[in-house]
Amino acid sequence: MSNSHVKRHQSFIKPTLFGVFQKLIGKGRALPAVREQTRQRLHFDPADFSVIYAIGDVHGCHSSLLEAKQKIFDDFSRYTGTALIVMLGDYVDRGLSSKDVIEHLSNPTPANIMQVALCGNHDDAFLRLLEEPDLLPSWHRFAGSETLKSYGIDVAYLLKHGNNGAVERAINDAVPAHHRKLLAEMPSMVTVGDIVFVHAGIRPGIALPEQRDRDLFWIREPFLTRGPELPLLVVHGHTPVARPFFGNGRIAIDTGAFATGRLTVLRIVNRQAVVLS
């Protein structure tokens, strides 16, 4: 990617927008435990695809996701061969339609399009709740109520008129097996040649096989300042930006869809990346 191309697209998060997200991810929030477990990591040859698309953090914005996918289908009609769509994680929480988003990701794509849904920290945390319902208090402080509401579960009502057991039974009844399977099987990384797709970023200077899933899901600094410090281009979400950020060996495309209504789609052809308008 040329330096001039990078400079034309550089942008930094506006303080006002950054303040909104800081309140949501502030240090005061209790977070669910994270297993030191390595999820699947997928590797492809660049020759496998004529075009690659990446979609930023969806966070329950089902209608925005449908619009983004239609934008991709329209754009790909100009190409031949096979396309790869990489979803960068965080499909649940914050927005109102997490269940619909997960159901959409469970559906097949056209024969000439491969889709990979990477795992984000919110998706991993939701799976932990499904597997360990006693995490509900800490998970609820971290994630809020929107995801369970999208499955028809009113946590406050159940806790007021029942107990944790009532919530656990409601979750078991409401979340279908294929949603659990999808969440469990989401990979933590996709590489296409020297382009790396992850949710949050990577630990600078650490070889890819040695990267921990915890960092791939959660890292901000020192990655945001230092970049990968490897001969790689990292495409990521997780840390919201006012406009897609190009530079320092990384491209950030989480434009806060649930708060801004902007779900960013990135197109990469021959390692040249542009944002679809």
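All of the numbers you see were taken from the coordinates with simple rules; none came from a lab. These figures come from a predicted structure and were not determined experimentally. Every residue, glycine among them, receives a Cβ derived from its backbone with ideal geometry; neighbour counts consider all protein chains shown.
Per the helix-only calculation at 222 nm, which mean residue ellipticity applies to the chain, given -39500 (n - 2.57) for every DSSP H run of n ≥ 4 and division by its residues, nearest 500 deg cm²/dmol?
Numbers: 13 runs with 107 residues, N = 277.
Calculated at 222 nm, the ellipticity per residue is -10500 deg cm²/dmol.
Restricting things to Cα coordinates, could you compute the convex hull volume per residue of the chain in Å³? Walk me through the numbers before you get to the answer.
Working: hull volume 34.2 nm³, N = 277.
Expressed per residue, the convex hull around the Cα atoms of the chain is 123 Å³.
Using Cβ counts within 10 Å as a stand-in for footprinting exposure, how do Thr147, Thr225 rank, fewest first? Provide the component values of the computation, followed by the final result.
On the way: Thr147 29, Thr225 9.
Neighbour counts put them in this order, fewest first: Thr225, Thr147.
What residue among Ile206, Ala166, Ser188 has its Cα farthest toward the positive end of the dipole of region 159-217, where the charges are +1 on Lys, Arg and -1 on Asp, Glu, each on the Cβ?
Going by the Cα projections, it comes out as Ala166.
Compute the distance in nm between two label points, each set 7 Å from the Cα along the Cα-to-Cβ direction, one at Thr191 and one at Thr82.
Here the answer is 1.9 nm between the modelled labels.
Which ordering of Asp154, Asp93, Asp45, Asp173 is given by a fewest-first count of other beta-carbon atoms within 10 Å? Intermediate values should be presented prior to the final figure.
Details: Asp154 14, Asp93 26, Asp45 8, Asp173 11.
Exposure proxy ranking, most exposed first: Asp45, Asp173, Asp154, Asp93.
To check you understand DSSP bridge types, tell me what percent of the beta bridges within region 144-270 (both residues inside) are antiparallel, rounded to 5.
Taking every DSSP beta bridge within region 144-270, about 50 percent pair in antiparallel fashion.
For region 211-269, just list the percent of Cα-Cα distances falling in each 5 Å bin from zero outward, please.
The calculated distribution, bin by bin, is 4, 16, 29, 24, 17, 7, 1.
How much net charge surrounds Met87 when only other residues with a Cβ under 11 Å from its Cβ are counted (Lys, Arg +1; Asp, Glu -1)? Each step should come with its number before you reach the end.
Values: positive: Lys69; negative: Asp57, Asp90, Asp123.
Here the charged neighbours net out to -2.
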